[in-house]
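Novice: This is the structure I want to talk about, given as structure tokens.
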Amino acid sequence: MSGLGRNPERGFTLIELLAALLVLSLLGLMSFRGLGTVLDAREHVRIESGKWQRVQSFFARFERDIRLAAPRPVRTNSGAAAAWLGRTDATQAPQLEFSRFASTEGLDTARRMGYSRNDRQEIELWLWPGLDVAPGTAPTRYPVLSDVVEFELQYLNADLAWGSLWPVLPVDSSIPLAVRLRIVLGSGEELVRVFALKS
């Protein structure tokens, strides 16, 4: 009779092993999905962080450049050009063009520069080699921010009114009191910044 009794040292049955494997595989599947979600979220955060770092870098560059703006007209092959030119139609020239002094750090020189949006939805920085432009001198153009659907500039005049064109008078060689910059990114965010130029 003792040989027919139950052996306390016997192993797991096949059903118990299958049930354990099923539980372990479900836990593994849930862990894999959780890890996939974490990795997707991390990639999304990396892409968004990179986008906002590029936007912040563009705003910092734009602010630095316009704060160095100088009320100095320039000589061109077609005559004199105003110190600050704001256009709405920027097919052949930048939307914003201005004279800029050198920075106090001595890292750059006084020059003519501009900003505009191209057909590839990039904001471009236009750089001329100096302030007065020699005949036939073309600016060097660099993309500074991509995936920009709209790029709009407005200028604050002495009457504290915003306008899309500058100068208001053809003989005016001044620069605006402030610049309002509005961009719309391809992902739908609309950003508006106002930069004061004179105290």
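Novice: Each residue of region 87-96 in order: what ³J(HN,Hα) in whole Hz does its phi give by Karplus 6.51 cos²θ - 1.76 cosθ + 1.60, θ = phi - 60°, with x for Gly and Pro?
Specialist: Couplings: 10, 9, 9, 10, 7, 9, 9, x, 5, 10 Hz.
Novice: Let me ask something additional. Can you list residues whose amide H is under 5 Å from GLU124's amide H, if they're 5+ apart or on another chain and H is modeled 1.01 Å from N?
Specialist: Distant-sequence amide H within range of GLU124: SER116, ARG117, ASN118, VAL144.
Novice: Give me the one-decimal nm value for the distance between modelled label points at SER49 and ARG64, 7 Å along each residue's Cα-to-Cβ direction.
Specialist: 2.2 nm
Novice: Roughly how far apart, in whole Å, are the Cα centres of region 82-112 and region 24-40?
Specialist: The two parts, judged by their Cα centres, are 54 Å apart.
Novice: Right, next: Taking Cα atoms of region 63-196, Rg/Rh with Kirkwood Rh, to two decimals?
Specialist: When Rh is taken as the Kirkwood radius, the ratio is 0.95.
Novice: For region 1-146, give the magnitude of the charge dipole about the Cα centre (Cβ charges: +1 Lys/Arg, -1 Asp/Glu; no others), in debye to the nearest 20.
Specialist: In debye, rounded to 20, region 1-146 gives about 200.
Novice: How high is the FRET efficiency between SER57 and LEU21 when r is their beta carbon distance and R₀ equals 45 Å, given to the nearest 0.05?
Specialist: 0.25
Novice: Rounded to the nearest 500 deg cm²/dmol, what is the calculated helix-only ellipticity per residue at 222 nm for the chain, with -39500 (n - 2.57) per DSSP H run of length n ≥ 4?
Specialist: About -10000 deg cm²/dmol.
Novice: Then there's this: Report the relative contact order of region 103-152, percent, no decimals, based on alpha-carbon pairs under 8 angstrom and at least 6 residues apart.
Specialist: Value for region 103-152: 34 percent.
Novice: How large is ³J(HN,Hα), in whole Hz, for each residue of region 58-75 in order, when computed from phi with the Karplus curve 6.51 cos²θ - 1.76 cosθ + 1.60 and θ = phi - 60°, using x for Gly and Pro?
Specialist: 5, 4, 5, 5, 4, 4, 4, 5, 6, 5, 8, 4, 10, x, 10, x, 10, 9
Novice: Compute the length gained on full extension between ARG42 and ARG75: take 0.36 nm times their separation in residues and subtract their Cα-Cα distance, giving the result in nm to one decimal.
Specialist: Full-extension gain reported as 6.6 nm.
Novice: What nm value, rounded to one decimal, do you get for the distance between PHE12 and ASP119 when each label is placed 7 Å out toward the C-beta?
Specialist: It is 6.8 nm.
Novice: Starting from the Cα of GLU152, step 7 Å toward the Cβ, then list every residue of region 78-102 with an amide N under 19 Å from that point.
Specialist: Inside the label zone: 86-91, 95-97.
Novice: Follow-up question, since we're still on this one. Using θ = phi - 60° and the Karplus curve 6.51 cos²θ - 1.76 cosθ + 1.60, what whole-Hz ³J(HN,Hα) does each residue of region 22-27 get, with Gly and Pro shown as x?
Specialist: Values, residue by residue: 5, 5, 5, 5, 5, 5 Hz.
Novice: Cβ neighbours within 10 Å, averaged per peptide: list 108-115, 75-82, 127-134 in order, most packed at the top.
Specialist: Final packing ranking: 108-115, 127-134, 75-82.
Novice: If packing is taken as the average count of other Cβ atoms within 10 Å, what order do 37-48, 184-195 fall into, highest mean first?
Specialist: My ranking of the peptides, most packed first, is 184-195, 37-48.
FYI, it's all coordinate maths here, none of it is from the lab. On a predicted model such as this, the values are computed, not experimentally measured, just so you know. Here Cβ is always computed from backbone atoms with ideal geometry, including for glycine, and neighbour counts include all displayed protein chains.
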